[in-house]
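Can you keep this structure in mind? I'll have questions shortly.
The values are calculated or read from the model by the stated rules, or taken from the named source; none is laboratory data. On a predicted model such as this, the values are computed, not experimentally measured, just so you know. Glycine gets a Cβ as well: all are built from the backbone with ideal geometry, and neighbour counts include every protein chain shown.
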Amino acid sequence: MYLTTPNKIRQIISQLTTYPTLWLDTEVADWQTSNPRLSLIQILADPTDRTGDRAYILDVLDNPYLVKDFVDQIMVNPDIEKVFHNASFDLKFLGGKQHAQNITCTFKLVRKLTKKSRKNPLQVSNKQLKTLAVELCHFTNVDKTEQSSDWGQRPLTPKQLHYAKMDTVYLAHVHHHLLQLTQPPTPPPVVITPKQQTESVEHPPFSATKVRVAFECPRLFYLKQHFDGNTLFIPPGQSIGIGTAFHTLAQQFIKLAQEDSQFSDLLEPSVDQLNRETVAMGMQQLFYQQVFFPYIESHPEMATVLPKLWQGLTALIQRWVKLLVVNRRYCLHQTVINQTFILEEHKLSYRFTLPNGNSQDVTGRFDSLLFNFERNRLCLIDYKTYEPVDPSAQLAQVALYGYMLSQTKGVLVDSGVYCVLPEFKEYAYSWEQLEAAVHELIPHKLQQMQNWVSWQHPHSNPPPLTSNTHLCDICPQQETCQTYFEVRSADIEQKKGEDEGIFDGAEVSTTKGEGA
């Protein structure tokens, strides 16, 4: 991704601070003169990329303020490993050796591995990055011709941009190969007996939503898995049918706020002079004029629910403004919105190991990712347009999201649920509160889910009834469940209390507008 606008570059720099390792390179204009100028900073955060499609190219030519932001947030951060091929050259333009911390230089690694004093020295033609990419990692069609091209010209050619992004790809794969040579050998694999092989069964992925349903009611989970259908427990009198519209409009607000400078202008006063109500009213008005009113005109069929939809959106905007004002203490008003709302792919996937040795893939898609500068931590948010009837099940779902995102990024992630209707409520969970719940309880629940989904009618031991028997009164598949499972009163007595207190070990806070 080639980025040229300062706002987008600062946004990406902020996002990159959440990764434990970055593979970096630079391109320099007028490098052969007495006045070299840093032209590009290239970054790769995904070492599995072989095409460069996930690399970032930051155009910083003649923009020392962007370079300073990069140095202040990335280079001096000791928690981020920065990998270069020729670090002594790149560091001249990125803060210098005296400031940069946690630097790895693959050129030095190669030099150590090719010393004649080694018993089995590394055999390569030379120590250039592209040579190593070909001879160690088997890349083909490696282009060296653009290295001496004019990096001060604008626009850059497609060949220059391809060359720039691929340098980070080569670097990441060469680094991985060198680490394999320097790290101790792994122990031999455990031999699996034929009996063990038959016991290990590959199961299709479960979504985090299905995990939540399994906590609410094992039988409803079973019906959803085999016959589909609705799974939402909605108490009487609560709004339904606006969830999709709410999520769409919430995302449109974030996009608009990041692109329209009128939003950031509302945050221009000093923190002591900022009035949250004034800022919220200003943002609501801008959003109403540019997005919500056109939405009203194009969706006349939603006339009856639009007041509720707007009520939920204004409550959400007020909560966001509260966080923006907090973050304003740490950011310029021009950048605080981009640095608070993290726009990236919200899909997640993780493979859990279960107590019986099987594995289970879990997938999910969360709603929003925020950064809280006061806590110096990401916070994953899930929206609900109704108040959950079983908060512990919601906790299971958001705990899964936070854990999977943490594994992906290598950083701690707080989580929260925003219930925007009938009145705004926030369920806030820190990483420390959720860690035990995920590690200790989720794998056991996933193993139960595998057993439940394998049950076939009319065998014995079907999925059990819900422990929250009051949910049966508002079950969206009540009739189907009673018919299929032939509910008996004895089942209810047996199930009662089986799952009570499933998250008693996780202290959580339920607040109106606090946390994140």
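May I ask you to list pairs of residues, at least six apart or on different chains, whose Cβ atoms are under 6 Å apart, with the first in segment 267-293 being surrounded by fewer than 16 Cβ atoms within 10 Å (Cβ to Cβ) and the second being not in a helix (DSSP H, G or I)?
Qualifying pairs under 6 Å: Glu268/His333; Val271/Arg328; Val271/Arg329.
Filter segment 28-44 for residues that are in a strand (DSSP E or B) and of a type in the set (S, T, N, Q); which is farthest from Phe70 (Cα to Cα)?
Ser39
Sticking with this one: Can you say whether Asp361 is closer than 30 Å to Gln447 by Cβ, in contact with a strand residue (DSSP E or B) (Cβ under 7 Å, 6 or more places away or on another chain), among the acidic types (Asp, Glu) and outside the structural domain of Ile13 (by TED's automatic domain parsing), as far as the supplied structure shows? Don't jump to the end; show me each part of the working.
Numbers: closer than 30 Å to Gln447 by Cβ: yes; in contact with a strand residue (DSSP E or B) (Cβ under 7 Å, 6 or more places away or on another chain): yes; among the acidic types (Asp, Glu): yes; outside the structural domain of Ile13 (by TED's automatic domain parsing): yes.
Judged against the criteria, Asp361 is a match.
Okay, next question. I'd like to check something: does segment 178-188 contain any residue that is closer than 30 Å to Trp31 by Cα and at pLDDT 90 or above? Don't jump to the end; show me each part of the working.
Within segment 178-188, the subset closer than 30 Å to Trp31 by Cα is 178.
Within this subset, residues satisfying the condition of being at pLDDT 90 or above are 178.
The answer is yes, given that some residue of segment 178-188 is closer than 30 Å to Trp31 by Cα and at pLDDT 90 or above.
Next question, about the same structure. Which condition does Val76 not pass, out of (1) out of contact with any Lys or Arg (no Cβ under 9 Å at 6 or more places or on another chain); (2) within 25 Å of Gln160 (Cα to Cα), if it passes all the others?
(2)
Just checking, which of Thr466, Thr510, Thr483 is among the β-branched types (Val, Ile, Thr), loosely packed, with under 13 Cβ neighbours inside 10 Å and either out of contact with any Cys (no Cβ under 7 Å at 6 or more places or on another chain) or at pLDDT 85 or above (or both)? Step through it out loud before you land on a result.
Values: Thr466 fails: loosely packed, with under 13 Cβ neighbours inside 10 Å; Thr510 fails: loosely packed, with under 13 Cβ neighbours inside 10 Å.
Criteria check complete, one pass: Thr483.
Here is a further query. Restricting to segment 83-98, name every residue that is of a type in the set (Gly, Ala, Ser) and either closer than 13 Å to Glu27 by Cα or not in a loop (DSSP other than H, G, I, E, B) (or both).
Passing the criteria: Ala87, Ser88.
While we're looking at this one, here's another question. Go through (1) in a helix (DSSP H, G or I); (2) more than 27 Å from the chain's Cα centre (by Cα); (3) farther than 20 Å from Thr340 by Cβ and name the single condition Leu309 misses.
(2)
Which of the residues belonging to segment 449-462 are crowded, with 18+ Cβ neighbours inside 10 Å and modelled with pLDDT under 90? If you could, list the steps in order and put the result at the bottom.
Filtering segment 449-462 for residues crowded, with 18+ Cβ neighbours inside 10 Å gives 449, 452-453, 462.
Pro462 - this is the single residue of segment 449-462 that is crowded, with 18+ Cβ neighbours inside 10 Å and modelled with pLDDT under 90.
Another question about this same structure. When residues of segment 32-75 are filtered for being within 22 Å of Ile103 (Cβ to Cβ) and surrounded by fewer than 16 Cβ atoms within 10 Å (Cβ to Cβ), how many remain?
Pass one, segment 32-75, residues within 22 Å of Ile103 (Cβ to Cβ): 36, 38-47, 49, 55-58, 60, 64, 66-75.
If we keep only those that are surrounded by fewer than 16 Cβ atoms within 10 Å (Cβ to Cβ) too, we end up with 36, 46, 64, 68, 72.
Of the residues in segment 32-75, 5 are within 22 Å of Ile103 (Cβ to Cβ) and surrounded by fewer than 16 Cβ atoms within 10 Å (Cβ to Cβ).
On the given criteria, is Leu58 in a loop (DSSP other than H, G, I, E, B) and modelled with pLDDT of 95 or more? I'd like the intermediate steps shown before the answer.
Working: in a loop (DSSP other than H, G, I, E, B): no; modelled with pLDDT of 95 or more: yes.
The answer is no for Leu58.
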